[in-house]
Structures are given as C-alpha cells and as structure tokens.
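See structure below.
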Amino acid sequence: MSGDIQEDYSDNHIRTILGEVKSIAVIGASAKNTRPSYFVVKYLLSKGYDVIPVNPGHAGREMCGAMTFASLEAIDRPVDMVDIFRNSAAVTLIVKEALKLSSLPKVIWMQLTIRNEEAARLAQDAGMKVIMNRCPKIEYARLCGEIGWAGVRSGVLSSKKPKLNKGFQSFGIVTRD
C-alpha cells in the first residue's frame, strides 16, 4: 500500500458501510450459479439489499429475481455502492463511469484480489468511500457471526470445525475495534 489509500479497514468502518448502503450494483455479475459473483448477488438480495446485477451479456434478463442491466449508466435508479467483480485494470473505467452518474455512489467496493489505487483516488477525490480486496458477502457474514466458526475472524481459514467443549458456546460476532 502506498500513499493515502487505505486497505486495512476496521470492522466498524465495514459495518458502517454495509449498514448505510441500500442499493448495490454488482459489476461483472454472472448468471452461472457456480460463480462467486452469483453467490454474492443471491446472498445480498437475501439480506434485503436492492442488488442490481450489471452484465452486458445478460442485460434485460433476471438474475436471482433481479433485473440485469448492461452498464451503470443504464440502471434506472440511484446506486449506493458499486461492487466490482472485474480485474484490477478495468476498475478505473468503471469508476469513471460511476463519476458520470447524476447521483454518485457512496461506495466503490473492489472484490477479493482487486486493487487499483488510481481508481481509488478518483473515487475518494469525488467523496466516495473505497474498499479494496474485500468481499461484502464475506464481510457481512463475518460481522453478523454467520461464518465466525470457520476461522475467518482470525484470518486463518480451516476446513476443520472448532472443537467444542462442555457447556454453552457462542460463535457469534466479536467486536475488537
């Protein structure tokens, strides 16, 4: 990480973003139910978000019950967050497209392994919050305790279920900020 582009986000920062946004455009959403972007669309819809899949090859058709659009500018309503499932090199063009919208998104969110500091600076300079190299589905589930037992909170994923001792045990959310 260089400059003032943040990539170490506190739980409170992530929690605030996920609590504030209501509509999420998922750029690169796939209609294939084996793709991570499909799972993210389906999961976020199940949590009450207005999820707007963006995929030019699937535009005009439903994905998980939500209408798919060809581009950000084709969306018929304001978008609070743009979740990007495209490679890092494509992010600058996506942010520039978002900057042309009449109502700017509050958040630009780049999925796991996706980082683009130039795009992040453009978004931040326009007043948007930026998250890089994170998944909103994983963060939401982690913060509400749905996947806390899997070791995600510790930063170490494991296929082994934690050893349970006698008595009541909770695998719920742990606040450490």
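We did not get these values from a lab; they are worked out from the coordinates using the rules stated. In this text, all values refer to a predicted model and were calculated from it rather than measured experimentally. Counting neighbours? That spans all protein chains shown, and the Cβs are built from the backbone with ideal geometry, glycine included.
Considering only DSSP beta bridges with both partners in the stretch 11-140, what is the antiparallel share in %, to the nearest 5?
Counting only bridges with both partners in the stretch 11-140, antiparallel ones make up about 10 percent.
Return the subset of Lys42/Lys106; Lys47/Lys100; Lys22/Lys129; Lys22/Lys106; Lys22/Lys47; Lys47/Lys96 for which the Cα-Cα distance in this structure is over 18 Å, preserving the input order.
Exceeds cut-off: Lys42/Lys106; Lys47/Lys100; Lys47/Lys96.
Given q = 0.16 Å⁻¹, what are the Debye log10 I(q)/I(0) values for the stretch 1-130, with equal point scatterers placed on the Cα positions and solvent ignored?
Each listed q maps to, in turn, -0.76.
Among bridges DSSP assigns within the stretch 13-80, what percent are antiparallel (round to 5)?
25
Please give the residues of the stretch 41-60, grouped as numeric ranges, whose backbone N is less than 13 Å from a label point set 7 Å along the Cα-to-Cβ vector of Asp76.
Label zone hits: 60.
Give me the extension gain from Asp8 to Asn33: residue separation times 0.36 nm, minus the current Cα-Cα distance, reported in nm with one decimal.
In short, 5.9 nm is gained.
Need one number: nm distance between label points at Glu20 and Ser102, each 7 Å from Cα along Cα→Cβ, rounded to one decimal.
It works out to 2.3 nm between the two label points.
If Lys and Arg each add +1 and Asp and Glu each add -1, what is the summed charge of the other residues whose beta carbon sits under 9 Å from the beta carbon of Val107?
Around Val107, the charge tally is -1.
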